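Notes follow the structure.
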Amino acid sequence: MVDSIAIAAAPSGITPPTLSPVRIDADEARRFAAEIASVPTRSFDEMRASLLSQVDSHDPIRTMYAMTDVSIEAQNLSMKYSLATGLTSAVVGLFGTMLKSQQ
């Protein structure tokens, strides 16, 4: 069992980077949220049906572009769901902490 972890010192002449606090502009955050929300989204089933309708065994290049387009759209939709879930979790955790501190 290891009782301690040895941390190697930085070589002389090299200074570690300093981290500055992240400042988020509220107006910019609102614009970003509005931009994400304004893009029309299709469900995963609609994307799948669209992709299947565009598959052409005689034109693999067109099929490749269709697959790329639909996969990018699906990735964006997944990112939106992930972002919404993460924000919801953070808000619930924050309210839980606030409630605990009031007791």
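Would you check the accessible area of Phe32, probe 1.4 Å, heavy atoms only, in square angstrom rounded to 10?
Per-residue accessible area (Phe32): approximately 110 Å².
Could you order Ser50, Ser43, Ser38 by accessible surface area, starting with the largest, using a probe radius of 1.4 Å? Could you put the intermediate results ahead of the total?
Details: Ser50 20, Ser43 50, Ser38 85 Å².
I get Ser38, Ser43, Ser50, largest accessible area first.
Could you pull the accessible area for Val55 with a 1.4 Å probe, rounded to 10 Å²?
Roughly 80 Å² of Val55 is accessible to a 1.4 Å probe.
Hey, with R₀ at 25 Å, roughly what FRET efficiency would Tyr65 and Ala90 work out to, going by the Cβ-Cβ distance, to 0.05?
Details: r = 37 Å, r/R0 = 1.49.
About 0.10, to the nearest 0.05.
Would you rank Leu77, Leu51, Leu94 by solvent-accessible area, highest first, keeping every protein chain in place and using a 1.4 Å probe? It would help to have the intermediate numbers written out before the result.
Numbers: Leu77 10, Leu51 40, Leu94 100 Å².
Solvent-accessible surface, decreasing: Leu94, Leu51, Leu77.
Using r as the Cβ-Cβ distance of Met98 and Ile24, and R0 as 22 Å, what FRET efficiency do you calculate, to the nearest 0.05? Kindly include the intermediate steps, with their values, before the conclusion.
Working: r = 21 Å, r/R0 = 0.94.
Approximately 0.60, to the nearest 0.05.
To the nearest 10 square angstrom, what accessible area does Thr85 show with a 1.4 Å probe?
The value for Thr85 is about 90 Å².
Net charge within 13 Å of Arg62 by Cβ-Cβ distance, Lys/Arg positive one each and Asp/Glu negative one each, not counting Arg62 itself?
Working: positive: none; negative: Asp56, Asp59, Asp69.
Net local charge, Arg62 excluded: -3.
The values are calculated or read from the model by the stated rules, or taken from the named source; none is laboratory data. If you're wondering where the values come from, they're calculated on a predicted model, not measured in any experiment. With ideal geometry, Cβ positions are generated from the backbone for all residues, glycine too; neighbour counts draw on all protein chains shown. Protein only, heavy atoms only, side chains kept; ligands, DNA and RNA dropped before computing areas. Shrake-Rupley method; radii C 1.70, N 1.55, O 1.52, S 1.80 Å.
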